[in-house]
Structures are given as structure tokens and as C-alpha cells.
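Below: the structure, in C-alpha cells.
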């Protein structure tokens, strides 16, 4: 047998590990973007895609906004421009989401009672849900 007729495909052994590395790197970067911290999320503007909590009923007092899931308000979440924590201090909310209902939960990690805030809607009095000053997390 003449060895000049034999072709060896080495690209498969090289591209597979490179593809796996690219996949892992992409997943790591993607998860870092999803886990943005409270400092970058709360900009004081209740804009499109945000869930906005208010310290007082009828959307008064301190304001907090975020566009993602927040599993625990104790981890640095403050009313915009203050040092006061959002944890157990919200009384009303607006949702600037177009498609999903936002849920504001009584306990961290989406447990306990909740207030549903419909897409593009608002809840002006959390006490109507037995949730006055009890908010600890939110998801959609």
C-alpha cells in the first residue's frame, strides 16, 4: 500500500476541543451578563423592561428599578439615591414589561406570598395583597 494515498483527518481532533472551549467561554460570558449586580441595574428611571418598586403606596417615596430576577433584596438593593434598603420596605409597583407578569415575593428566593404585577400594569397598594412592607425578591 502506497502511503501517499492515505489521508488523515486531524481537524476533527483539534476542532472538537476548540469548540468545547468556545462553548464553555460563551456560557460563562452569558451567565455573567445575566447576573448583573444591583449597582448597574437600579438607574432611577422606570424604563422599558423594568420592574419598579416604590416605598409608599400610590408610587410615592423611594424608587427602585431592575430588569431581571432578583433573588434577595438584602444584597445591596437600595432605594434610588439613598442608603435605605428595599428589603421589606415596598408598598407599590409598576411593571414596564410587555409580555410577562412580574411577581414580587414575600421572602427571598421567590417564596411565600406574592403580588402579581401584570405586563405594563401597576399595583398601587401592596396592603391589598397583605404584602405591605414585605417584598424580598422578584421574578417573571
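Some observations on this one:
- Residue match in region 28-44 (condition: under 21 Å from residue 125 (Cα atoms), at pLDDT 50 or above and either assigned to a loop (DSSP other than H, G, I, E, B) or under 15 Å from the mean Cα position of the chain (by Cα) (or both)): yes
- Qualifying residue in region 85-93 (condition: part of a strand (DSSP E or B), in contact with a helix residue (DSSP H, G or I) (Cβ under 8 Å, 6 or more places away or on another chain) and without any contact (Cβ under 8 Å) to a residue 60 or more places away in the chain): yes
- The condition of being modelled with pLDDT under 95, under 15 Å from the mean Cα position of the chain (by Cα) and in a loop (DSSP other than H, G, I, E, B) does not hold for residue 81.
- In region 98-130, the residue that is surrounded by the most Cβ atoms within 10 Å (Cβ to Cβ) out of those that are under 21 Å from residue 62 (Cβ atoms) and in contact (Cβ under 8 Å) with a residue 40 or more places away in the chain is 104.
The values are calculated or read from the model by the stated rules, or taken from the named source; none is laboratory data. If you're wondering where the values come from, they're calculated on a predicted model, not measured in any experiment. Cβ: placed from backbone, ideal geometry, glycine included. Neighbour counts: every protein chain shown.
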